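**Student:** After the structure tokens below, expect a handful of questions from me.
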Amino acid sequence: MSDTRRQDARHVWHPFTQMQTAPPPIAIASARGASLYTEDGREILDLISSWWVTLHGHAEPSIAEAIARQAGRLEQVIFAGFTHEPATSLAARLTAELPGDLNRVFFSDDGSTSVEVALKLALQFWRNRGEHRPRILALEGGYHGDTFGAMAAGASSGFFRAFDEHLFDVTHLPFPETWANDPDVERKEAEALAALDQALADHGSATAALIAEPLLQGASGMRMCRDEFVRAVSERLRAANVLLILDEVMTGFGRTGSTFACGRAGVTPDLICLSKGLTGGFVPMSVTVCRDGIYDAFLDSDFERAFAHGHSFTANPIGCAAALASLDLTLDPATQLRWGSIEGVHRERIAGLQDDVLHARICGTVAALDLPSEQSGYGAPEGPRLKEYFLEQGVLIRPLGNVIYLLPPYCVTDEQLHRGWDAVDGAVRRLGKESAR
Ligand SMILES: *Cc1c(COP(=O)(O)O)cnc(C)c1O
């Protein structure tokens, strides 16, 4: 056993892992582009962007250099009472790409904290305006992170049962999950919107905000909805004077085939959460961006109205430098062409699997399908076996229960992506054979 494996076995606790039954982790020594290299020299193709963060590729040189330059100049400074060029440039450039008057950037550390900030801003916004609006709405299956507010908003994902009694109350409304050639999509959308209408009619004036992952719910199984639904939700909330928080922690920066899912859907939320791909997946950082009107409600001569929230590393200059370099690549027309080619390969390959899988679906650069299974959801028994199978094939694909999905970094070549789909083909055929026995 290598030193890494030995020390890991003795001292390390891994995320989302049952440490007693999980196979020992694979030690990675280096990475480049879409490839990870193990300590013993094996290549593994990363087709899930290392939990959805790696945007342009591992060790992408322009981002690595920006980080090194920034670390040698200004690595960190307190962000209350001080500012710096990487933060101001990033705030200016990011807001220029976001729709409408999403103009004010609050920095934090990761997806979960960006959601905490959004929820707290929404609640305090109404309080500052003298209205009592304690209620929060969310969509069934939404996942927003693992801190307490984010767990409350994502309670219906089923990951947090150990903490149920400590989570504040959130009303979860139906999500009209859909896929290619779904004959029922309009009925499901009508039902979801009717439930929203009812919630707004019953408690609209006591509701601060609705939080949602637009177009694509990640953790609950790459569940997709149509642009039309996101637009209809936004219109209803605006009419009812309830804030819309879009959690684009995963969908941001091109995953849905547009720079932001809200732009693709033609919606301007009141608050938007961005993280994961923000720094190209190099270092943890997040932002919560709000519309001018939200920010204005916190302005007062009294500190009581201020947003009394901050983290030690708020707007860390190294994170900002990475985000600026990543944004250059995201806005490069060559990158945006890749989004289309990735989607093209997904379409071609998923068509060949239509008859053997359920609910084939594509949203921009993300493709997903369900394997026929006795038990759907994260606990489906196929998950761990498939993960092993894919690793034997030299690809990192990590099914969510019986859901297989590909969410590659944009540097992936067509050849590499086809290799991934070949492995998916193999998995579907193998599983088909097993269940026939
Ligand atoms: C991953 C994720 C989060 C949480 O982000 P962390 O960086 O893991 O805290 C929140 N929302 C969505 C939609 C996510 O996919």
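The values are calculated or read from the model by the stated rules, or taken from the named source; none is laboratory data. Fair warning: this is a prediction, and the values are worked out from it, not measured in the lab. A quick note on method: Cβ atoms are made from the backbone with ideal geometry, for glycine too, and the neighbour counts reach across all protein chains shown. In case anyone asks, the SASA skips ligands and DNA or RNA and just uses the protein heavy atoms, side chains included. Shrake-Rupley method; radii C 1.70, N 1.55, O 1.52, S 1.80 Å.
**Student:** What tally of residues in region 29-56 results from selecting those that are of a type outside the set (D, E, K, R) and out of contact with any helix residue (DSSP H, G or I) (no Cβ under 9 Å at 6 or more places or on another chain)?
**Tutor:** So in region 29-56, the residues of a type outside the set (D, E, K, R) come out as 29-31, 33-38, 41, 44-45, 47-56.
Okay, now just the ones that are also out of contact with any helix residue (DSSP H, G or I) (no Cβ under 9 Å at 6 or more places or on another chain), so 30, 37-38, 41, 48, 50.
Looking only at that region, the number is 6.
**Student:** Which one is nearest to Thr259 (Cα to Cα) among residues in region 182-241 that are β-branched (Val, Ile, Thr) and part of a helix (DSSP H, G or I)? Reasoning before the result, please.
**Tutor:** Just the residues of region 182-241 that are β-branched (Val, Ile, Thr), to begin with: 185, 207, 211, 230, 233.
Those left that are additionally part of a helix (DSSP H, G or I): 185, 230, 233.
Values: Val185: 25, Val230: 16, Val233: 21 Å.
Only one residue tops the list, namely Val230.
**Student:** Going through Ala31, Ala9 one at a time, which residue ends up being loosely packed, with under 14 Cβ neighbours inside 10 Å and not in a loop (DSSP other than H, G, I, E, B)? Full working, then the answer.
**Tutor:** Values: Ala31 fails: loosely packed, with under 14 Cβ neighbours inside 10 Å.
Selected residue: Ala9, the only one of Ala31, Ala9 that is loosely packed, with under 14 Cβ neighbours inside 10 Å and not in a loop (DSSP other than H, G, I, E, B).
**Student:** Please return the ranges of helices (runs of 4 or more DSSP H) entirely within region 46-142 where 1 or more residues are under 18 Å from the mean Cα position of the chain (by Cα).
**Tutor:** By residue number, 49-52, 85-97, 111-128.
**Student:** Next up: Looking at Leu244, Leu167, Leu210, can you tell me which residue is open to solvent by 20 Å² or more (accessible area, probe 1.4 Å), aliphatic (A, V, I, L, M) and within 16 Å of the ligand (Cβ to nearest atom)?
**Tutor:** Numbers: Leu244 fails: open to solvent by 20 Å² or more (accessible area, probe 1.4 Å); Leu210 fails: open to solvent by 20 Å² or more (accessible area, probe 1.4 Å).
From the options Leu244, Leu167, Leu210, the qualifying one is Leu167.
**Student:** Is it the case that some residue within region 134-149 is surrounded by fewer than 17 Cβ atoms within 10 Å (Cβ to Cβ), in contact (Cβ under 8 Å) with a residue 40 or more places away in the chain and touching a strand residue (DSSP E or B) at 6+ places or on another chain (Cβ under 9 Å)?
**Tutor:** yes
**Student:** Could you identify the single residue in Asp164, Asp146, Asp182 that is of a type in the set (Asp, Glu) and modelled with pLDDT under 95? Walk me through it before giving the result.
**Tutor:** Working: Asp146 fails: modelled with pLDDT under 95; Asp182 fails: modelled with pLDDT under 95.
Result: Asp164 is the single residue among Asp164, Asp146, Asp182 that is of a type in the set (Asp, Glu) and modelled with pLDDT under 95.
**Student:** Kindly evaluate Ala315 against the criterion of being small (Gly, Ala, Ser) and either closer than 16 Å to Ala80 by Cα or open to solvent by 40 Å² or more (accessible area, probe 1.4 Å) (or both).
**Tutor:** Considered against the rule, which asks whether it is small (Gly, Ala, Ser) and either closer than 16 Å to Ala80 by Cα or open to solvent by 40 Å² or more (accessible area, probe 1.4 Å) (or both), Ala315 comes out as yes.
**Student:** I'd like the full set of residues that are open to solvent by less than 10 Å² (accessible area, probe 1.4 Å), part of a loop (DSSP other than H, G, I, E, B) and more than 16 Å from Ser286 (Cβ to Cβ), limited to region 247-266.
**Tutor:** Scanning region 247-266 gives Gly254, Thr256.
**Student:** Mind checking which residues of region 384-401 are open to solvent by 10 Å² or more (accessible area, probe 1.4 Å) and free of Cβ contacts under 8 Å to residues at least 60 places away in the same chain?
**Tutor:** So in region 384-401, the residues open to solvent by 10 Å² or more (accessible area, probe 1.4 Å) come out as 384-385, 387-389, 391-394, 396, 398-400.
The answer is Pro384, Arg385, Lys387, Tyr389, Glu392, Gln393, Pro399.
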